[in-house]
Amino acid sequence: MAVQESALHDWYNTPMGGRLIEVERQLVARALAGRFGTHLVQLDSGYHKPLFEPRLYGCGLLMTQLDNRAPCPSVRGDAEALPFEPESLDALIMHHTLDQCDNPYQAVREAAQTLRPGGILVIVGFNPYSTWGLRALFSRARAGLWRSRFISSNRVSDWMQLLNFELERSEKHGFMSPFSRPAWLSKLRFFGRLQKSLLPVTGSVYLLVGCKQVPGRINGRARWRAKPILESGLAGRTIRKQHEQ
């Protein structure tokens, strides 16, 4: 996985990789919009920069296989054996993590164990049912993007539901050509717009957002909330009713 991360790091610095990162940065921002928490971790696949805004979180970390100069705190670790305490994270971002690890289901299971009840899991992955998936199927490259797993988002969402996540988002994005030659990119741009309107499920990447539903310990209440819930009036009526009885 470390070799693959190194190859992807080089690819993310290409014009094609940069365009994909901009799409994914917007996806992650929308997935986390309006949510508040303290501990957020991004499992990195070689980009070595946060897709989230570090100043919005009390403790935002990157976890990678390689040493790097990320502009936020980073740790080295394995997605299939996360080095975090159970129910210690408010949000976890898997940036093409499942496309690179040997046991992707185990990685999702680790995420379920480390997230607090009510915690958010954000997964970004390559879509096999896309032009990028087709190129990966026929590519002979031994490393880099086209060697990724390209796991179906339906399969990953089944894993999430099995591990008691409530699925909030399931989307496809990134209707771009899988070829990096500038001449091809300009010629195929029209087909990307046509693909988005006629075949919206064939975007090059998918986004899944799930909320952990398993009840936690009494003192392990999650601090991650999408919207505040105000029930003071109802609570007051309940208390008065109990006193009257």
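Annotations for the structure displayed:
- Under the shape rule built on the C-alpha gyration tensor, where the axes satisfy a ≥ b ≥ c, the stretch 19-69 is oblate, since a/c reaches at least 1.5 while a/b does not exceed b/c.
- Taking a straight Cα-Cα cut-off under 15 Å and skipping sequence neighbours fewer than 8 places away in the same chain, the aspartates and glutamates within cross-link reach of K172 are E22, E24.
- Debye, to nearest 20: dipole size of the stretch 1-140, +1 on Lys, Arg Cβ, -1 on Asp, Glu Cβ: 460
- Fully extending the segment from I21 to S152 would add 45.2 nm, taking 0.36 nm per residue of separation and subtracting the current Cα-Cα distance.
- Couplings for the stretch 93-101, taken from phi via the Karplus curve 6.51 cos²θ - 1.76 cosθ + 1.60 with θ = phi - 60°, read 10, 9, 8, 6, 5, 5, 6, 10, 7 Hz in order; Gly and Pro are left as x.
- Inter-part distance where the stretch 145-182 and the stretch 57-89 are each reduced to a Cα centre, Å: 22
- Protein accessible area in the stretch 1-114, 1.4 Å probe - carbon and sulfur %: 51
The values are calculated or read from the model by the stated rules, or taken from the named source; none is laboratory data. This is a predicted model, so every value here is computed, not measured. Note: ideal-geometry Cβ built from the backbone for every residue, glycine included; neighbour counts use all protein chains shown. These area figures cover heavy atoms from the full protein model, side chains too; ligands, DNA and RNA do not enter into them. Shrake-Rupley method; radii C 1.70, N 1.55, O 1.52, S 1.80 Å.
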